[in-house]
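A.B. asks: Pasting in a structure now, in structure tokens, and then I'll have a few things to ask.
The values are calculated or read from the model by the stated rules, or taken from the named source; none is laboratory data. All of these numbers come straight from a predicted model, not from anything done at the bench. Neighbour counts run over all protein chains shown; Cβ positions are idealised from the backbone, glycine included. Surface areas here come from the heavy atoms of the whole protein model, side chains and all, with no ligands, DNA or RNA. Shrake-Rupley method; radii C 1.70, N 1.55, O 1.52, S 1.80 Å.
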Amino acid sequence: MKTFTLILITFLIIPTKRVSAQAPAQIPYFSLQEVFTGKSFKTSDLPKEGLIIFNYYDTGCSHCQKMGAGIAEQLQAFKNIKFYFVAMNDVEYVEGFINMFAKKLRPHSNVSFILDKNGQFISLFKPTQTPSLYIYDAKTHKLLKHLDGVDDVKVLQVALQQLIK
């Protein structure tokens, strides 16, 4: 019994290595769909200047709703940034998300809603939580920052301020 207890305590005390998926260092090739137009949306459609933020979210996720509302409230502060809200949810759920939490996002030219019907975004970007935000340089397509599971827009703003310095 003493040996068993010692082994159990050892496993509880010794830190275990946590395996986590890594965000892609470069924006991978993808082919998704714009939610409201139904048009194809590919890597080649991304802007060439500024920053690109992919926000992988679920319309029923309270953390995602909080982040969406925060981005909507602070949208004017996000200069030279293109947001892509990517979800697997059907159009009516995306519309409900916008109407309930982020009305200011829909009419903006720097915000697009993208549909990921087949889970392509998940397999390429490997989010582990929602929301999962990926900040890329538009010119180089290089990953600058990945925020996983963050629901406070202030954390996003601080991350962007640190990148712009």
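A.B. asks: Residues of region 134-165 being more than 21 Å from Lys48 (Cβ to Cβ), aliphatic (A, V, I, L, M) and within 14 Å of the chain's Cα centre (by Cα), which ones?
C.D. replies: Taking region 134-165 first, the residues more than 21 Å from Lys48 (Cβ to Cβ) are 146-159, 161-162, 165.
Pick out the ones that are also aliphatic (A, V, I, L, M) and you get 147, 150, 153, 155-156, 158-159.
Leu147, Val150, Val153, Val155, Leu156, Ala159, listed by residue number.
A.B. asks: Can you run down the residue pairs with Cβ atoms below 7 Å, 6 or more apart or on separate chains, where the first is in region 69-82 and without any contact (Cβ under 8 Å) to a residue 60 or more places away in the chain and the partner is part of a helix (DSSP H, G or I) and open to solvent by 70 Å² or more (accessible area, probe 1.4 Å)?
C.D. replies: Ala72/Lys103; Ala72/Lys104; Leu75/Lys104
A.B. asks: A follow-up question, please. Do we find that Ser31 is in contact with a Lys or Arg (Cβ under 7 Å, 6 or more places away or on another chain) and not aromatic (Phe, Trp, Tyr) in this structure? Outline the logic, then answer.
C.D. replies: On the way: in contact with a Lys or Arg (Cβ under 7 Å, 6 or more places away or on another chain): yes; not aromatic (Phe, Trp, Tyr): yes.
Answer is yes for this residue.
A.B. asks: When the residues of region 129-165 are narrowed to those that are of a type in the set (S, T, N, Q) and open to solvent by 50 Å² or more (accessible area, probe 1.4 Å), which ends up farthest from Ala69 (Cα to Cα)?
C.D. replies: The first filter runs over region 129-165 and keeps only residues of a type in the set (S, T, N, Q), leaving 129-130, 132, 140, 157, 161-162.
From the residues that got through so far, the ones that are open to solvent by 50 Å² or more (accessible area, probe 1.4 Å) too are 129, 140, 161-162.
Working: Gln129: 18, Thr140: 29, Gln161: 20, Gln162: 22 Å.
For region 129-165, the residue satisfying everything is Thr140.
A.B. asks: Oh, and also: When the residues of region 110-128 are filtered to those that are over 14 Å from Ile71 (Cα atoms) and free of Cβ contacts under 8 Å to residues at least 40 places away in the same chain, which remaining residue is least open to solvent (accessible area, probe 1.4 Å)? Spell out how you get there, then give the answer.
C.D. replies: Taking region 110-128 first, the residues over 14 Å from Ile71 (Cα atoms) are 114-128.
After this cut, where a residue has to be free of Cβ contacts under 8 Å to residues at least 40 places away in the same chain as well, the list is 118-119, 123.
Values: Asn118: 146, Gly119: 14, Ser123: 70 Å².
Top of the filtered list is Gly119.
A.B. asks: Of all strands (runs of 3 or more DSSP E) completely enclosed by region 85-165, which ones contain at least 1 residues that are touching a Pro at 6+ places or on another chain (Cβ under 9 Å) and more than 17 Å from Gln74 (Cβ to Cβ)?
C.D. replies: Working: elements: 111-115, 132-137, 143-148.
Once the strands (runs of 3 or more DSSP E) in region 85-165 are filtered for at least 1 residues that are touching a Pro at 6+ places or on another chain (Cβ under 9 Å) and more than 17 Å from Gln74 (Cβ to Cβ), what remains is 132-137, 143-148.
A.B. asks: What strands (runs of 3 or more DSSP E), lying completely within region 23-83, carry at least 2 residues that are surrounded by 20 or more Cβ atoms within 10 Å (Cβ to Cβ) and modelled with pLDDT of 95 or more?
C.D. replies: Working: elements: 31-34, 40-42, 51-56.
Output list reads 51-56.
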